[in-house]
Each structure stands twice: as structure tokens, then as C-alpha cells.
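This report concerns only the one structure given below.
What follows is calculated from the coordinates using simple rules that are stated; it is not laboratory data. Because the structure is predicted, anything quoted here is derived from the model rather than measured. Glycine gets a Cβ as well: all are built from the backbone with ideal geometry, and neighbour counts include every protein chain shown.
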Amino acid sequence: MQGIFIFMEIEIILKTKKDTQRLAESIARQVKTGDVIALYGELGAGKTFFAQAFCRALGVEEYVSSPSFVIMNEYAGKFPVAHLDLYRLAAEEEIYELGLEDIMEQRVTIIEWPEIAQNILPLQTIHIHFKLDGDIRIVKLIRT
Ligand SMILES: Nc1ncnc2c1ncn2[C@@H]1O[C@H](COP(=O)(O)OP(=O)(O)OP(=O)(O)O)[C@@H](O)[C@H]1O
Ligand SMILES: [Mg+2]
């Protein structure tokens, strides 16, 4: 069949860290090698916290730190996992230098500040937008 395009968007309210952990766990149960999770939101929105819970749910035992300075950390869990933070990248070429396309094919990949990589994210990327609203976080989950 031709031209079928499925687009899903849901909004979730996260009141506690436990809520964030539960969301990360439920997504972790559904991923496989080649899947990409793109995490958007301001500083402190909870992207790294989500990634930590997500990695733990995938069986990563070592401490998951913020990759903001090193750009990428890799872990071994149920699948090979890559956790990136592209905040410090200034030009799209730097993404190609990183070899992100090959990395994404062979791992489960979580990307904070993914705006600069929009052109190479796979079509079926799970996009998660975090928005702080007082003490709660409003999360928009988009999957095409
Ligand atoms: N419901 C929640 N979900 C996620 N984090 C929460 C929640 N409630 C409180 N927090 C706290 O908010 C902070 C979120 O910081 P985090 O490092 O995850 O942000 P970030 O989006 O990765 O920021 P940056 O853009 O600097 O990488 C953590 O200190 C975490 O403990
Ligand atoms: Mg972070």
C-alpha cells in the first residue's frame, strides 16, 4: 500500500521523578537496536534524568552521566546504548564527523539537544519534548 503515514502525538503530565522513571521504563520495554529517542527541552527539563532511567531499564549497570562535555557515552545493556548531548555542537558537519548515522544503526540511541541532527534522525524516531511548568513536567511524545 502506498502513502500511509501514521503520526502519533500524546501528552503526559509527570508530577514526580517516579513518573519520569515509569515513562522511561515503558518506552525501554518497546525499543530495539536501531531505535532513536530524541529528547528536547530547556536546561534542567529532565532529559538526562530520563536517559538515566531509560538506560537502567535497559540493564545498564554503570553510572549514566550527562554527556554534555564528552558529547557521547556508550553503554552495554540489553542492547548497545549510545547517549549523546549535542548542545555544544555548532555545525551540522560535526554530526557527520561523529559518525552518528552508523552509531544509530547499531545501537539504541538517546539524544539530548537533537535539534541540529534533525536531517539525519530516522523517520521513526521517538521525539520527547519536556516542558517545565512549576513543579510538574508536561511531556509531549511524538512518533511518526
Ligand atoms: N519529574 C522529574 N523528572 C525529571 N527530573 C526531575 C523531576 N523532578 C525533579 N527533577 C530533577 O530535575 C533535574 C533535571 O536535570 P537533568 O540533568 O535531567 O536536565 P537536562 O534536561 O538533562 O538538562 P541539560 O539541558 O542541562 O542537559 C534533576 O536534578 C532531577 O533530579
Ligand atoms: Mg542533560
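A run of the chain free of exposed loop cleavage sites, with trypsin sites (Lys or Arg not before Pro) counted only in DSSP states other than H, G, I, E and B and at most 10 other beta carbons within 10 Å, reaches its longest extent at 33-144. 3J(HN,Hα) along the range 37-52, derived from phi through the Karplus expression 6.51 cos²θ - 1.76 cosθ + 1.60 where θ = phi - 60°, amounts to 10, 9, 10, 10, x, 4, 4, x, 5, x, 5, 5, 4, 4, 4, 4 Hz, with x in place of Gly and Pro.
Starting from the range 55-144, pick out the chymotrypsin sites (Phe, Trp or Tyr not before Pro) whose DSSP state is loop and whose Cβ has at most 10 other Cβ atoms within 10 Å. Show your work: numbers first, answer last.
Working: sites: Tyr63, Phe69, Tyr75, Tyr87, Tyr96, Phe130; in loops: Tyr63, Phe69, Tyr87.
Answer by residue number: Tyr63, Phe69.
Each residue in Leu43, Leu98, Leu84, Leu132 was given a count of other beta-carbon atoms within 10 angstrom of its own, and listing them fewest first yields Leu43, Leu132, Leu98, Leu84. Its residues counted as N, the range 78-124 yields a C-alpha radius of gyration over 2.2 N^0.38 Å of 1.08. Summary: within the chain, the longest segment free of GluC sites (Glu not before Pro) located in DSSP loops with at most 14 other C-beta atoms within 10 Å is 93-144.
Can you give the FRET efficiency to the nearest 0.05 for Glu25 and Ala76, using r as the Cβ-Cβ distance and R₀ = 30 Å?
0.95
By the Cα gyration tensor, the chain has an equivalent ellipsoid whose semi-axes, rounded to whole angstrom, run 21, 19, 16 from largest to smallest. Residue order for Met8, Met72, Met104, fewest other beta carbons within 10 angstrom first, comes to Met8, Met72, Met104. How much FRET efficiency would the formula 1/(1 + (r/R0)^6) give for Thr144 and Thr16, where r is the Cβ-Cβ distance and R0 is 35 Å, rounded to 0.05? In this case the efficiency is close to 0.75. From helices alone, the chain scores -7000 deg cm²/dmol at 222 nm; the rule is -39500 (n - 2.57) for each run of n ≥ 4 DSSP H residues, then divide by the residue total. Full extension of the chain between Glu93 and Ile116 gives 7.3 nm of extra length, using 0.36 nm per residue less the Cα-Cα distance. Here Lys140 is the anchor, and the aspartates and glutamates within straight C-alpha reach of less than 16 Å, apart from those fewer than 8 places off in the same chain, are Glu9, Glu11, Asp19, Glu42, Glu112, Glu115.
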